[in-house]
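Notes follow once the structure below has been shown.
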């Protein structure tokens, strides 16, 4: 009989095994990364452009230019495009961040020819109808006005703007008034300059054959270059002087939103793998120290977490939570106390083993299947230019890191005087 009161022994995998993408080159020079894996008759195509908001000339230009591409082409209306993908049970998603824009299409293999043809049309010939632009602007402005009533939004925006500066691509924030001035000509200009073959990498993942690869060549092998002839920048100067304390008054707010953190480094930095583990211990999963202390022991909040926000040429460490106004100062005291503990006390072996097991499971899950592998490769494109050793280094660090190394990282990067503290809420009376 198995004694179920005794947990099974924890066993760490010795090596990370995953299938690397096959690399093809389309006739116009676009790199096509192929992940042919899985049993289900589905596939996904991801178009990754160097077309994030850092390349825009005015606020909202990149976001509007990408998001409104499916709202009308030279041959189809917004309604026809939407009904086309619905009819074939396909899903189109567009995401725009600071550095990149990604257009993703998921489809059954049998409907892939019909869907990729429409996708190619959307990428090549969007017309940005005035009616759709007006509706998008009205919805976006209303949504932002609602968001700006939330202390969490105020604290988050102030946090990044103060860290990088409002003029920096990573610190710039749109205002509601920006929606009133975005113009059709600006969207067309951004599309012609950045949505071209010279700024594009394609990832095809799922279960497919040579026919689907040929369809990608047919639809995108003739895509012309973007008119922007400037090279992709190797870096952005960052003034890491954003520190100190910022308070944003929100009269009658019952909760305070807290953001504490600092500028760190991009994912290519040699300290990234070790700091990833340190962050997990502090606030990177549900069993973290911040959660146990501030949620479970003190009861100040429903949730608190710390995270790493990587950009192509920088990175941010941040702690985020919302608490009752009366608990703002006690929460901040506990946050800094947990940082101090990591600087001064070694992490216990049982806690370190638990976090290692958790992270090992996460990294293995990221390569379990074609679509998770595609997501992992997209992250490499975003920050590492397809350097697969990045994941090997994280895997090795998880297996071998010691409490001494974690204390070294904490003393190097988790010093209170180097943190920016942003709080949005009302002052307790």
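Data table
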quantity	calculated
Matching residues in the stretch 294-313 - criterion: being closer than 28 Å to residue 386 by Cβ and touching a residue at least 24 places away in the same chain (Cβ under 8 Å)	307, 308, 310, 311, 312, 313
Residue 75 being assigned to a loop (DSSP other than H, G, I, E, B) and either modelled with pLDDT of 95 or more or not assigned by TED's automatic domain parsing to the domain that holds residue 395 (or both)	yes
Set 370, 410: member being touching a residue at least 40 places away in the same chain (Cβ under 8 Å), touching a helix residue (DSSP H, G or I) at 6+ places or on another chain (Cβ under 6 Å) and surrounded by 20 or more Cβ atoms within 10 Å (Cβ to Cβ)	410
Within the stretch 290-315, considering residues that are modelled with pLDDT of 95 or more, surrounded by 20 or more Cβ atoms within 10 Å (Cβ to Cβ) and in a strand (DSSP E or B), the one farthest from the chain's Cα centre (by Cα)	304
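Yes/no matrix, rows are residues, columns are (1) without any contact (Cβ under 8 Å) to a residue 60 or more places away in the chain; (2) over 28 Å from residue 37 (Cβ atoms); (3) in a loop (DSSP other than H, G, I, E, B); (4) in contact with a helix residue (DSSP H, G or I) (Cβ under 8 Å, 6 or more places away or on another chain):
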site: 92; (1), (2), (3), (4): yes, no, no, yes
site: 99; (1), (2), (3), (4): no, no, yes, yes
site: 118; (1), (2), (3), (4): yes, no, no, yes
site: 121; (1), (2), (3), (4): yes, yes, no, no
site: 133; (1), (2), (3), (4): no, yes, no, yes
site: 163; (1), (2), (3), (4): no, yes, no, no
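The values are calculated or read from the model by the stated rules, or taken from the named source; none is laboratory data. Computed from a predicted structure; not experimentally measured. No Cβ is skipped: glycine too gets one built from the backbone with ideal geometry, and neighbour counts run over all protein chains shown.
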